[in-house]
1. Can you tell which of VAL63, ILE34, LEU101 lies farthest toward the positive end of the dipole of region 17-122, using +1 and -1 charges on the Cβ of basic and acidic side chains (Lys, Arg; Asp, Glu)?
2. Let me check against my output: what whole-number percent is the relative contact order of region 23-115, with C-alpha pairs under 8 Å and at least 6 apart?
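Just so it is clear, none of the values below were taken in a lab; they were calculated from the coordinates. Given the structure is predicted, the values throughout are model-derived calculations rather than measurements. Methodologically, a virtual Cβ is constructed for each residue, glycine included, from the backbone with ideal geometry; neighbour enumeration extends over all protein chains shown.
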Amino acid sequence: MTTPDTPAPDLYDPGLQPERTELAWRRTALAIAIGSLLSLRVFPLVLPAGAEGWGLVPGVLGVGTAALLWIAARRRQRRTTAVLTARRSGPLPGGVLPLVLTVFATGFGVVALALVMVALLTG
């Protein structure tokens, strides 16, 4: 219990949790970027003649998504830290970032699977 003479306890532990979370998101973005760059190299080689251009689509979209994810993770960390260090409570950033990542990963997987199936069926 606090009295007028004792300060209120901090609502925020100055640990490194927001920074660790941001680093985890950065590792995820880096993994997406590397996978996308690999797909840029592999898909045009395995697709049939005339369809090599379609092999570039997942890679370009993946690299762009990785860049946006990197930026979004940094913004999320700044907002989280700002809310946690404020002397008042407020809403923390929501779960939009994991939702976007899930939708992207599912879409990328479906496109990659379709490209592999086309390569197998025509090869």
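1. Most positive-ward Cα: LEU101.
2. Relative contact order, region 23-115: 29 percent.
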